[in-house]
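Colleague: Here it is, the structure, as C-alpha cells.
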Amino acid sequence: MTGLSLSVCEQHALDGRLGRGRQLAAQLVTALGTIYGAHDLVPVASAQVAGVSYRNLGRAGLEFLSEWAQGGAAVTVPSTLNPAGMDLENWREHGIHEDFARAQQAVIRAYEAFGVSRTCTCTPYLIGNRPRLGDHVAWSESSAVAFANSVLGARTNREGGPAAHPQGTGGLLQPGGPLQEGGAGQQVDVGIQRQDEEGSRPLRAADVRHPGGAVREAEGDPQPGLQGPGGLQQIGVGIGQDVGWHRQREEQGSLQGPLARES
C-alpha cells in the first residue's frame, strides 16, 4: 500500500499486472514519492540515466540491472545514458583493464536491453533528448539538470540513477522541488559578477557568486531574454564538474578498495 493517489494504470503496474519489470519500477518510484511526501505522480517526457560507470555500479549493480531487464522491463519514454566509465571503443589505448572493460560493456548491454539509447553523454539536449517548455523530465546529470530547468524551461529534479531509470521505465515521476506547482513559475535573466578576493585563481565556469538581473514571468519561448544560453551551458557544466570533483574527493578512500579488487 502507498499513500500516493495512483491512476488505474499506475496501480496495475504496482500490483504486477503489467509485468515484473514495470512492477519493480513502480515500487521504486512510489517508495521515493512516499519518502518525499508527494501526493501523486506525473508523466515524464524523457529520462537521462546516471549510474552507468561500472566503477559506481560494481558487480551487484550489474546483476540488478541484468535481472531487471530479464523481467521484461523496457523504457516507455525516450531515455539516454550518462557517460560510462571508459571510452567504449578505444579503451585499450587508454590502458583500461580487460576485466573492467568486459564488465562495463555488460552494463551497456543491460541498459540497451531496456531500450535505453547508447549515447553516453552528459549533454543529452545536443543529441535529440531535448524537452520542450514545461515538460516534466527525469534527468540525472547535474549540468544537464541546470540547463533543462533554466535555458529549456523544462522541469526536473536532480535524479539519482536509481530514480531516473525506473521513471524512464514507468514514465512517472514524483513531484518535488522544481516540479511542484509554482516551483518553476518564473524565469530569471542572470548576469555574473566575480569579486577579486581570489585574484590568483583563474576564473572558472562555476563562479556564480553575485547573480544580477530582473525576475520576469515565464513567456512562450524557453528563456527568450537570456544573454548567451551557450555561456549558461558552460556554467552548468562547470557546476556539475565542481560537484563531481567534490564528491570524488569525499569518496576517494572508499572507492580505492573496490576498484583495486575489480582490477
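Colleague: Say whether the condition of being of a type outside the set (A, V, I, L, M, F, W, C) and at pLDDT below 85 is met by at least one residue in segment 71-91.
Modeller: Taking segment 71-91 and keeping what is of a type outside the set (A, V, I, L, M, F, W, C), we get 71-72, 76, 78-80, 82-83, 85, 87, 89-90.
Add one more test, that the residue is at pLDDT below 85, and what stays is 71-72.
Yes: segment 71-91 contains one or more residues that are of a type outside the set (A, V, I, L, M, F, W, C) and at pLDDT below 85.
Colleague: Only residues that are over 18 Å from the mean Cα position of the chain (by Cα) and free of Cβ contacts under 8 Å to residues at least 40 places away in the same chain: list them for segment 71-86, please.
Modeller: The first filter runs over segment 71-86 and keeps only residues over 18 Å from the mean Cα position of the chain (by Cα), leaving 71-73, 86.
Hit for segment 71-86 is Met86, nothing else.
Colleague: Now for a separate question. Mind checking which pairs have a first residue in segment 42-57 that is at pLDDT 90 or above and a second that is in a strand (DSSP E or B) and among the acidic types (Asp, Glu), Cβ under 7 Å, 6 or more apart or different chains?
Modeller: none
Colleague: Is it fair to say Gln174 is within 21 Å of Leu28 (Cβ to Cβ), of a type in the set (S, T, N, Q) and modelled with pLDDT under 60? Before you say what the answer is, go through the steps one by one.
Modeller: Numbers: within 21 Å of Leu28 (Cβ to Cβ): yes; of a type in the set (S, T, N, Q): yes; modelled with pLDDT under 60: yes.
Here the answer is yes, as Gln174 does meet what is asked.
The values are calculated or read from the model by the stated rules, or taken from the named source; none is laboratory data. All values derive from a computational prediction rather than experimental measurement. Here the Cβ is made from the backbone with ideal geometry for all residues, glycine too, and neighbour counts use every protein chain on show.
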